[in-house]
Structure formats: structure tokens, C-alpha cells
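**Student:** The structure under discussion is supplied below as C-alpha cells; questions concerning it will follow.
The values are calculated or read from the model by the stated rules, or taken from the named source; none is laboratory data. Since we're looking at a predicted model, the values are computed, not measured. Neighbour counts run over all protein chains shown; Cβ positions are idealised from the backbone, glycine included. The accessibility values were calculated without ligands, DNA or RNA, using every heavy atom of the protein model including side chains. Shrake-Rupley method; radii C 1.70, N 1.55, O 1.52, S 1.80 Å.
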Amino acid sequence: MLAPMEDITDNVFRELCFRHGADLTFTVMARLSGLAARNGNTERKIELLNDVPSQIQLVALREDDLKSFLGRFESTGGFAGFNFNIGCPSPQYVKQGLGCAMMKRVSKLNRMVNAVKNHGYPCSVKMRLGMNLFEKQRKVYLNVIRGVDADFFIVHARHGSEHYEAKPDYSVYPDCVATGKDIIANGNIDSAEKVAFVRDMGVKGVMIGRAAVRDPGIFGRLKGMEEPDAVALRNEYTTLADKYGVVNKYMSNVMKRLGQKIAIEEENAEMG
Ligand SMILES: Cc1cc2nc3c(=O)[nH]c(=O)nc-3n(C[C@H](O)[C@H](O)[C@H](O)COP(=O)(O)O)c2cc1C
């Protein structure tokens, strides 16, 4: 799966990764309150302009917003369901009870997931291991996985106070898998060895973010497919960008990374 990434994973980038082996993609996160209020900028974030399988990612708080949004939602293109982001650690979100702060509101999240499913839509959850080390140690992530009826859980193996230079803790996966729910591993996955490592722990799949921006062919490569080189991928990206139109900052975020051969550890240090 291609990870949702703000200012990167628009229709253009999602189609590029899908063509090169990603099975499922996600829109960038959209605030449910903005969608409920019919905010045009927020609505554009979740527009699906092609048949690429995509889940729409929501950062959600209020159940009445969800009800009014779902009441008039019409699926288009490759719509493949909704995803609730309960992993965003940004203080701006957490202060408002959004993102990581939702990890302790299991019953509420479950009601929202079921509201989506009652409309007949698939629904997944993307999370971290808790807001901080304390929550991780108390294994709040297991409460979420056990208590919520999502179709699958993407577990980014860091807690909310950890930056990208902190090593993801894949050792959490066996407990997650033991719940009997479908688990997708996420965090620094960029090689067949890492995929095999987490697969051996029983996860159903992997989600790849930054490594896919450098090499959108990574999905195909991990599946043993022959993939085009960086120059061909850049050309394909710009052709798709012409087709759909692209916001400048999305294009510059992709173009400055695509084809870069830096190790993920170096990038972690760079991103802080
Ligand atoms: C530039 C950038 C933007 C991101 N935006 C989102 C987002 O909108 N929603 C989300 O759930 N995660 C977001 N993330 C987190 C990624 O989806 C992913 O969980 C994280 O990068 C770890 O995976 P990776 O090591 O494969 O990159 C973002 C990450 C980056 C680097």
C-alpha cells in the first residue's frame, strides 16, 4: 500500500504508484469538519479522478459531522472505502482531540467506523503506538485493535512523540496480529528483507511512504517485477501531472525526491 502523505499523494502520484504495483492507495488526510462544512479546499483533497483503488483518509472528531457527510457522500472512481487517521501527532491536531488523541477514545472511534460500514463502505484505521512512550508501554494500540471493528489496521510502529530518526519498533507486531485482526506494517519499510521480516510476524501487508517518493517503482520491485528507472518514472509523473493538473508544491515535493538514492536513515535525520 502507498502511504498517505500530505502535499504528495494526489491523484497523479497515486496513479503512478498504482501503475507500478501498489495495490491500495490513500488520499491525504482531510478534516471531517471541513468536509461537513463543504469547504472547497478540503473537498479537493478527497477528489478521486481515476480508477486507482483509493481510500479516503479522514481526521475526525464529531459523529454528527460524519453523519451529515456520509448522508450526501457519493463514491467516484476507484473509491475503496474510508480510513480514519488516529496517528497524526501534530500538536495542532492533538490539542483539538484529533489524530493521536483519538487513540484513547475507542468506543467513539468504533461507532464512527461502524457508521461508515453501515453505509456499505470498507473502513480501516491508521495509527501509531500511542501518543507517547507511556501510552505505548500501556499498549493502548492493542485496545484500539481489539475494540474497533475496522477491516484492517495500519500500525506505524512509532509513538506520537517519536520523530522519524527513531527506529520503528516492529516487535509490537506479534501482539497486534494475535488479536486476530488484519494488521498492516508501516515505518521505514524499503526492502524485501524488511517485508519478509514483518510478514514472518504475521502481518497481512505493508504500507510504504517515503521510500515510494524516491522510487515509485518500489512496489513492483518488491513483487519481483522489472521496473523502469528514475528518469522514466519522472517522465511518467510529469505526463500524468499534465493530464490531471497538479498543485505546484505537490510536484516540487515529488520531483526533489524522485530518483534520490539516499538511505532512509539519512532521510530520517534530515526530516527530524
Ligand atoms: C511528507 C509526509 C506527509 C505525511 N502525511 C500523512 C497524512 O496525510 N496522513 C497520514 O496518515 N500519515 C501521513 N504521513 C505519515 C506516513 O503515512 C507514514 O505513516 C510515515 O511516513 C511512515 O512510513 P515511511 O517510513 O514508509 O515513510 C506523512 C508522512 C510524510 C513524510
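**Student:** State the percentage of accessible surface on the chain attributable to carbon and sulfur atoms; use a 1.4 Å probe and exclude ligands, DNA and RNA.
**Tutor:** Heavy-atom surface of the chain belonging to carbon and sulfur, 1.4 Å probe: 49 percent.
**Student:** Just in the range 26-119: which GluC sites (Glu not before Pro) are loop by DSSP and have at most 16 other Cβ atoms within 10 Å?
**Tutor:** Answer by residue number: Glu47, Glu74.
**Student:** Another question about this same structure. If eta is 0.890 mPa s and T is 25 °C, what Stokes-Einstein diffusion coefficient results for the range 11-271, Kirkwood Rh from Cα pairs, in µm²/s?
**Tutor:** 129
**Student:** Another one. Quote the relative contact order of the range 1-74 in percent (integer), defining contacts as alpha-carbon pairs under 8 Å separated by 6+ residues.
**Tutor:** Details: 107 pairs, mean separation 24.2, N = 74.
Computed over the range 1-74, the figure is 33 percent.
**Student:** What size of dipole, in debye to the nearest 20, comes out for the range 144-272 about its Cα centre when the only charges are +1 on Lys and Arg C-beta atoms and -1 on Asp and Glu C-beta atoms?
**Tutor:** For this selection, approximately 240 debye.
**Student:** Just to check, using Stokes-Einstein with a Kirkwood Rh over alpha carbon pairs, what's the diffusion coefficient of the range 1-47 at 37 °C and 0.692 mPa s in µm²/s?
**Tutor:** For the chosen part, D equals 295 µm²/s.
**Student:** Continuing with this model, one more query. Counting Lys +1, Arg +1, Asp -1, Glu -1, what net charge surrounds Val28 among other residues with beta carbon under 13 Å of its beta carbon?
**Tutor:** After counting each charged neighbour, the total is +1.
**Student:** Taking only protein heavy atoms into account and a 1.4 Å probe, give the accessible area per residue of the chain in Å².
**Tutor:** 44
**Student:** How high is the relative contact order of the chain, given as a whole-number percent (alpha carbon pairs under 8 Å, six or more residues apart)?
**Tutor:** Numbers: 511 pairs, mean separation 47.6, N = 272.
Taking the mean separation of contacting Cα pairs over the length of the chain, I get 18 percent.
**Student:** 5 Å is the cut-off here: which amide hydrogens, built 1.01 Å from N in the peptide plane, fall below it relative to Phe84, excluding neighbours closer than 5 in sequence?
**Tutor:** Leu58, Ser124, Val125, Lys126
**Student:** Please go through the residue pairs Lys136/Lys256; Lys139/Lys249; Lys45/Lys108 and name each one whose alpha carbons sit more than 32 Å apart in this structure. Intermediate results must be reported in sequence, preceding the final value.
**Tutor:** Details: Lys136/Lys256 34 Å; Lys139/Lys249 37 Å; Lys45/Lys108 25 Å.
Too far apart for the 32 Å limit: Lys136/Lys256; Lys139/Lys249.
**Student:** Projecting each Cα onto the charge dipole of the range 11-271 (Lys/Arg +1, Asp/Glu -1 at the beta carbon, about the Cα centre), which of Gly224, Ala37, His159 comes out farthest on the positive side?
**Tutor:** Ala37
**Student:** Right, next: Counting Lys and Arg as +1 and Asp and Glu as -1, each charge on the Cβ, what is the dipole of the range 11-271 about the Cα centre in debye, to the nearest 20?
**Tutor:** Values: 37 positive and 30 negative charges, 184 e Å.
Dipole of the range 11-271, to the nearest 20 debye: 880 debye.
**Student:** So how do Thr76, Thr239, Thr25 rank on accessible area, 1.4 Å probe, biggest first, that is with the largest at the start?
**Tutor:** Heavy-atom accessible area, descending, gives Thr239, Thr76, Thr25.
**Student:** Relative contact order for the range 73-189: what percent, with Cα pairs under 8 Å and sequence separation of 6 or more? Walk me through the numbers on the way to the answer.
**Tutor:** On the way: 202 pairs, mean separation 28.2, N = 117.
Answer for the range 73-189 is 24 percent.
**Student:** Rolling a 1.4 angstrom probe over the protein chains, ignoring ligands and nucleic acids, what is the accessible area of His159 in square angstrom, nearest 10?
**Tutor:** Answer for His159: close to 20 Å² accessible.
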